[in-house]
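Report on the structure given below.
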Amino acid sequence: MHDRIAANRAVLYLRLSRDDANRGESESIQNQRALLREYAARQGFSVADEYVDDGWSGTNFDRPRFQDMLRDMEQHRFDIVLVKDLSRLGRDYIQIGRYLELVFPEQGVRLIAVNDGLDTARADTDMAPFRNVVNEMYARDTSRKIRSALHAKMQEGKFVGNFAPYGYQKDPGDKNHLIPDGHAAQVVRQIFIWAAAGSRPAEIARRLGERGEPPPAVYRCRAHPELNPDCYSKRKEWTAGSVSRILRDTVYLGCIAQGKTDKISFKSKKTREKRPEEWIVVPERHEPLVSVQTFETVQHQRASRRCGRKGTFENLFSGLAFCMDCGKAMSTVGTRKKGSAANLACGAYKLHGASACSNHFIAYESLYRCVLEAVRRYVCLSEEECDALFERLNRRLRLAEREQEAEREREQLEQELARMQRLVAQLYEDRSAGRIGGTNFYPLLERYEQKTAQLQKQRDALQPDAGDAGLRRQQEHLRALIHRYKDIDELTPPLLFELIERIEVGQGTYEKTERGRVKRQKISIAFRFLPEPCEVEWME
């Protein structure tokens, strides 16, 4: 039988995060490699391969070379894994414990952490869990310090993004300060000049394309050659959307708005969007590219355009109608249908073809009639219908209050989980210092771990929700709307934006009926005062 313990095919695992790099040469990849190769030579191990994850956090176990090592381990291509210390393997004590206690032993692989004096082939590995807890506590503390430092910089108005917004660059003397970026800054100024003169975003995008100006994504790639070359293929042309984003960004007034998202946990990559009132906004932090007067003129132009002009065709659904499949805005396109002003088609398909979305559209007049009928149905309510609607809203309010209570319970569970982690860490310290023996240590550890698992299960069962504290005010507002819009003969921009939050248009299907071939289309209309969107099936 093959003796796994006697086997000497070793591999080196080397990892360095950005934070480790700041600690000096002792943590460098070169230092780790030299240390491990010297150790392997002394022990008579043959080095079969090495796996290097440079710039990867220890809390992330989806590191590419770490995963390669696991796959090679399943193929029995080595017998020993050498690391400088356990923190190189990772900084999550639960995950590291799983690899030490289950994954490596099941594959017959021996792990040696040289500086920690840990060798899983020996029986004296009681200190390994304690080291894992300490490593995770270090990662948690580092994450907390980084977040705190970034928050402080944001409050001071220091720019902390990876890349400066289009039109700016980072000050060579102060990376947290923005300065105008020559040519790009002039392009931004020209965009605002055209917009203030009445040009629409689509027209501005066409002009920039004709001038050969690279769009923001391509311009960034040229300014930062170290970026992935694939970014050149993502957005090669200016679009109305990219121009609109520039026109509404207050960064060009010298204002810094940051903290728009935050991470759920230092162990998770997921982020959540924060409400605008939660953003950290600091004015007058860098040189503006446009004057306040020009910026306000552009915003007025955009608002008046949404309200439309008499005597000319205006898309009343601009900013309201979106594709049900991909979520992109519906865009006006030409039509051959007699008596129809335009079609509304998926904007993604219009710009990028079938690779972005399917080719589906709706006649502008059809969407107009559909929305008008829905408004009459859901806004022109009798007193009985109004009372029924308020009862639905009250039920939703009570649900929101229960969800807020669940969020408070979740916070309490998080605090209790943190306390259990501190107890586990203290237990390992007492064990290490000889203040507690094995007779008491293992039962206590098992109890703490069971309690931790129970708390995590309770926490995961709770789904936090921000709730809707403004529902009572919505009821009062709805009563006023119902009295104001008793009889609706036509749709207007103020009416639409007051009543409707979003319209989604699905892909139509054609059917043969007694009156010939008809098109059946699904449309979703989200009224601002209703708990859920209204699903409408339109036929033409």
### For TRP279, solvent-accessible area (1.4 Å; no DNA, RNA or ligand), Å²
90
### Message
Tell me the accessible surface of HIS183 in square angstrom (1.4 angstrom probe, heavy atoms of protein chains only), to the nearest ten.
### Response
100
### Message
What figure, in Å² to the nearest 10, do you get for the accessible area of TYR219 with a 1.4 Å probe and non-protein molecules left out?
### Response
50
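The values are calculated or read from the model by the stated rules, or taken from the named source; none is laboratory data. Treat the numbers as computed from the prediction; the structure is a model and nothing was measured. We work out accessible area using only protein heavy atoms, side chains counted, and drop any ligands, DNA or RNA first. Shrake-Rupley method; radii C 1.70, N 1.55, O 1.52, S 1.80 Å.
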